[in-house]
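Below: the structure, in structure tokens.
The values are calculated or read from the model by the stated rules, or taken from the named source; none is laboratory data. In this text the structure is predicted, and so the values were computed from the model without any measurement. So basically every Cβ, Gly included, is an ideal-geometry build from the backbone, and we count neighbours across all protein chains shown. Ligands, DNA and RNA are excluded from the accessible area calculation, which covers all protein heavy atoms including side chains. Shrake-Rupley method; radii C 1.70, N 1.55, O 1.52, S 1.80 Å.
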Amino acid sequence: MFVSILLHILAFVCSFATAVMLMRGLLSIYHKAHNARSAGPNEPYEVPKTGGVVILPAMIVGVIVVMAVQLIFSSADDVVRVSSFIPAGGLLLVYALATIEDILDTSRWQRQTVVLVACAALPVIGLYINDLYGFFGIRHVSWTTGFIITFILTLLTVKALEALNTIDGLFAGTSGFMLVVFGIGFCSMGQNIYASMAFALAGAVVAFLRYNLFGDDKIGDKVRTGHAGVLIIAFCIAYLTLKYAMDNRNVISAHDDALLLPYSLLALPIFEYIRVRAVSSWHGTKPADRDKRRIQHIILAKGFTPEQATGIILIGEAIILTVNLLLHHLFNLNITWIVIINIAGYVELLRVVSEKIEVPKPKVFIIPDDFKDYKGEPGLVSIIMPTYNSSEFVADSIESIIAQTYKNWELIITDDCSSDNTVEIVRTYAEKDARIVLIRNEVNGGAGVSRNRSIANARGQYISFCDSDDRWMPKKLSLQVEFMRTKNVALCFAPYYSCDENSQYRGYVSAPERISLFEMMCDNKIGFLTCIYDTSVLGKHLMPTQRKAEDYAMLLGIMRKCRHAYSVRTPLAFYRVRPGSLSSDKISLLKYNAQVYTHVFGWAKPISYAFLFAIFLPTYFTKRLKNIVINAARSA
């Protein structure tokens, strides 16, 4: 079993890596075509609809690698026998026809013909439902009846999954979930070739999902499935469904979950497809307007993002699968009663989605209405600096701002009741330079409160941040403002260096070229002292009033609106690590990230902590390890 699991992981990884490589090659071709016809650097990329063409080749690579490993450690007869189960010729034919359709943009009737022929092909080659396992008291059925049932089931599967391909990520996310469950099911029965096939296809789908859901058309790394991707994934799922459900003593004999597991995975998409078609036909809805009736668009209409809609539907899929298995194994209900219960549950789900479900509202992170449409003085950069007993370093920070080659800035410093001579130092600079403004809090409220006061008084189109113990490179503002203008970027950041109290170099902190909202949720990859955002696009944003990680919360709030942030590739600042500063102990800050998820996204505390431990912490420590390796290489 352990060896089999390793083989399935290998299939997934090889397929994933192949899909990423092919996707990058495909996007490179589109980039060259775009640059050849582009009228200017800011012309948006056209999102290609042929991203699905990489899925089948990637899956084949994953399966071949596993079969090659099996060939090395087992008999050749076993490998040949196993490989004969995959109707590769028919799948390649469907793939070729669908790819031609994507490229040539063929008519709807031509596409339907390919689908109908492919649906009929499976029972023709002897793969059909021959046992209904007690559904309405029916067990074994004839080939003719099985042909009809299989044809209808395959067609419904393709159409239902195709109907999910109306918002980014939903089709790939749902099919990926199905494939993983199929892989686990086949693996538990010792049918390793089918398990590897499912996991290999899942690896390709996950790679595609990264570019489909989290890609960005602004830099040209976003793709959509296209007819080839939909058909290949849908027919592979139909093939796995038939293999799992068919009573074939030479391959898989009748077993307890033969029909229940595939039905549970496909129930929600098929119910939804039948409902939308029936309601649309009853009301005479045009095909172009059917999408508005689909459950995913009902969720979107309530203000949820595509990622949230995908998550809600995947949770529904998981609940149906879990409930059905429990009903069967714990209460010994047959599939007839389970279908009836599912239909009742589906009706209730529609009612809840339509009437009850609402977008989670932030509990603390609320932006005043007059901030949302704030534009600011064009070209002016408002620099936000909180101070508290910073007399040792504040002058150094202010000098680094005065030294900026970009001169159209204002520095708004809010002092949080310092007990040393910080205020006197700042006042000296403010008297010499009218661009420097000093504000004093009457009560100590923390860095977040001080920054919010400075933001409220900011007049600039751009808002940037520099703490009173950090330093900027002279070209920071000029490089970032130029980058934002030419690339049409709303939120920008950069790599930076870290130093100690004596300004001695400690290390280099890298920055990704681009980061999505989800990636930012997994780990704060933006150095706050390097970030700058455009209020003409995003309005003003405030921080929640928590004492720590309030900067992370504000960045997530900004990225909920702009979705992506982009990095200048040059290090632009020095981050000073001091033993007594709030942000010096990163480990102690981690628990405040759970509060961030609650404040920004309105999550319940258990969900926030589950996300923190399951996703944030592993990602955070991976980043720390990466920076250690980079700094070791730089030192060498």
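Is one or more of the residues making up segment 475-487 on the phi < 0 side of the Ramachandran plot, in a loop (DSSP other than H, G, I, E, B), modelled with pLDDT of 90 or more and out of contact with any Leu (no Cβ under 8 Å at 6 or more places or on another chain)?
no
The conditions are (1) among the aromatic types (Phe, Trp, Tyr); (2) in contact with a helix residue (DSSP H, G or I) (Cβ under 7 Å, 6 or more places away or on another chain); (3) surrounded by fewer than 17 Cβ atoms within 10 Å (Cβ to Cβ), and PHE182 fails exactly one of them. Which is it?
(3)
Give me the pairs: first residue in segment 286-312 and in contact (Cβ under 8 Å) with a residue 40 or more places away in the chain and closer than 17 Å to ARG275 by Cβ, second residue among the hydroxyl-bearing types (Ser, Thr, Tyr) and open to solvent by less than 40 Å² (accessible area, probe 1.4 Å), beta-carbon distance under 9 Å, and six or more apart or on different chains, which are they?
ARG294/TYR273; GLN296/THR310
Out of the residues in segment 488-509 that are in contact with a Ser or Thr (Cβ under 8 Å, 6 or more places away or on another chain) and open to solvent by less than 10 Å² (accessible area, probe 1.4 Å), state the one that is modelled with the lowest pLDDT.
Among those that are in contact with a Ser or Thr (Cβ under 8 Å, 6 or more places away or on another chain) and open to solvent by less than 10 Å² (accessible area, probe 1.4 Å), it is GLY507.
Every residue in segment 423-473 that is in contact (Cβ under 8 Å) with a residue 40 or more places away in the chain, among the β-branched types (Val, Ile, Thr) and either farther than 26 Å from PRO378 by Cα or part of a helix (DSSP H, G or I) (or both), please.
VAL449, ILE455
Answer yes if at least one residue in segment 173-190 is under 24 Å from VAL66 (Cα atoms) and not in a helix (DSSP H, G or I), and no otherwise.
Yes, segment 173-190 contains at least one residue that is under 24 Å from VAL66 (Cα atoms) and not in a helix (DSSP H, G or I).
Could you please find all residues in segment 602-636 being open to solvent by less than 50 Å² (accessible area, probe 1.4 Å) and either touching a Pro at 6+ places or on another chain (Cβ under 6 Å) or among the polar types (S, T, N, Q) (or both)?
Hits for segment 602-636 are GLY602, SER608, THR619, ASN627, ASN631.
Could you tell me whether PHE147 is under 20 Å from LEU268 (Cβ atoms) and either open to solvent by 40 Å² or more (accessible area, probe 1.4 Å) or modelled with pLDDT of 90 or more (or both)?
no
Do we find a residue being in contact (Cβ under 8 Å) with a residue 24 or more places away in the chain, open to solvent by 10 Å² or more (accessible area, probe 1.4 Å), among the hydrophobic types (A, V, I, L, M, F, W, C) and outside any loop (DSSP other than H, G, I, E, B) anywhere in segment 215-231?
No, there is no match, as no residue in segment 215-231 is in contact (Cβ under 8 Å) with a residue 24 or more places away in the chain, open to solvent by 10 Å² or more (accessible area, probe 1.4 Å), among the hydrophobic types (A, V, I, L, M, F, W, C) and outside any loop (DSSP other than H, G, I, E, B).
Among LEU201, LEU242, which is under 27 Å from ILE149 (Cβ atoms), buried (at least 20 other Cβ atoms within 10 Å of the Cβ) and under 22 Å from the mean Cα position of the chain (by Cα)?
Going through LEU201, LEU242 in turn, just one is under 27 Å from ILE149 (Cβ atoms), buried (at least 20 other Cβ atoms within 10 Å of the Cβ) and under 22 Å from the mean Cα position of the chain (by Cα): LEU201.
Tell me whether segment 575-586 contains one or more residues that are over 15 Å from ALA447 (Cβ atoms), open to solvent by 20 Å² or more (accessible area, probe 1.4 Å), modelled with pLDDT under 80 and not in a loop (DSSP other than H, G, I, E, B).
Yes, because at least one residue in segment 575-586 is over 15 Å from ALA447 (Cβ atoms), open to solvent by 20 Å² or more (accessible area, probe 1.4 Å), modelled with pLDDT under 80 and not in a loop (DSSP other than H, G, I, E, B).
Whether any residue in segment 278-285 is part of a helix (DSSP H, G or I), open to solvent by less than 10 Å² (accessible area, probe 1.4 Å) and under 30 Å from GLY126 (Cβ atoms) is what I want to check.
no
For segment 429-444, enumerate the residues that are open to solvent by less than 50 Å² (accessible area, probe 1.4 Å) and either farther than 11 Å from THR414 by Cβ or of a type in the set (Val, Ile, Thr) (or both).
Matches in segment 429-444: TYR429, ALA430, ASP433, ILE436, ILE439.
Test TYR346 against the criterion of being open to solvent by 30 Å² or more (accessible area, probe 1.4 Å) and either modelled with pLDDT of 90 or more or of a type in the set (Ser, Thr, Tyr) (or both), and give yes or no.
no
Which condition breaks for ASN408 when tested against (1) more than 22 Å from ASP534 (Cα to Cα); (2) touching a residue at least 24 places away in the same chain (Cβ under 8 Å); (3) surrounded by fewer than 23 Cβ atoms within 10 Å (Cβ to Cβ); (4) among the polar types (S, T, N, Q)?
Of everything listed in (1) more than 22 Å from ASP534 (Cα to Cα); (2) touching a residue at least 24 places away in the same chain (Cβ under 8 Å); (3) surrounded by fewer than 23 Cβ atoms within 10 Å (Cβ to Cβ); (4) among the polar types (S, T, N, Q), ASN408 misses just condition (1).
Please determine, by comparing only the residues of segment 299-343 that are part of a loop (DSSP other than H, G, I, E, B) and not charged (D, E, K, R), which one is surrounded by the fewest Cβ atoms within 10 Å (Cβ to Cβ).
Within segment 299-343, the match that is surrounded by the fewest Cβ atoms within 10 Å (Cβ to Cβ) is ASN332.
When you go through LEU155, LEU132 one by one, which is the residue that is in contact with a strand residue (DSSP E or B) (Cβ under 6 Å, 6 or more places away or on another chain) and either surrounded by fewer than 23 Cβ atoms within 10 Å (Cβ to Cβ) or assigned to a loop (DSSP other than H, G, I, E, B) (or both)?
None of the others qualify; the one that does is LEU132.
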